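Notes follow once the structure below has been shown.
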Amino acid sequence: LQAYLQMVLDATMVTLLIHFTGDLDSYFYFLYPLMILMGSVVLNRTGTYLLAAFCFVQAWIMLELPYSG
């Protein structure tokens, strides 16, 4: 449970970092694949897939926010 919670909170922190450093112009988008790699070491296969989907949804939201106003 602690590993899942840690990965979700880390992904949320990465999303906030990207948001506060310039959304589309941020240099920190490389942290999403790094999060998935770290999750593959700590979590099982299903947990890694769920983390990848969660990171994808967060990245998609970050890309869509400037266009939706």
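Using θ = phi - 60° and the Karplus relation 6.51 cos²θ - 1.76 cosθ + 1.60, list the HN-Hα couplings for the range 48-64 in order, rounded to whole Hz, with x at every Gly or Pro.
Values per residue, Gly and Pro as x: 5, 5, 5, 5, 5, 5, 5, 5, 5, 5, 5, 5, 5, 5, 5, 6, 8 Hz.
What residues of the range 44-61 lie in the reach of a label at L17, counting those whose backbone N is under 12 Å from a point 7 Å from the Cα along Cα→Cβ?
Answer for the range 44-61: none.
Around P66, under 14 Å between beta carbons, what's the net of Lys plus Arg minus Asp minus Glu among the other residues?
Counting the neighbours of P66, the net charge comes to -3.
For the range 20-29, in order, what is each residue's ³J(HN,Hα) by Karplus, 6.51 cos²θ - 1.76 cosθ + 1.60 with θ = phi - 60°, in whole Hz (x at glycine and Pro)?
Karplus values, whole Hz, x for Gly and Pro: 7, 10, x, 6, 5, 8, 6, 8, 9, 5.
Give the calculated FRET efficiency between F28 and Q2 to the nearest 0.05, with a Förster radius of 22 Å applied to their Cβ-Cβ distance.
Details: r = 25 Å, r/R0 = 1.13.
After rounding to 0.05, the efficiency reads 0.30.
Which value, in Å², gives the accessible area per residue of the chain when a 1.4 Å probe is used on the protein heavy atoms?
Working: 4880 Å² over 69 residues.
Value for the chain: 71 Å² per residue.
The values are calculated or read from the model by the stated rules, or taken from the named source; none is laboratory data. These numbers come from a predicted model, not from an experiment. Please note: Cβ atoms are built from the backbone with ideal geometry, for glycine as well, and neighbour counts cover all protein chains shown. The area values use the complete protein model at the heavy-atom level, side chains included, leaving out ligands, DNA and RNA. Shrake-Rupley method; radii C 1.70, N 1.55, O 1.52, S 1.80 Å.
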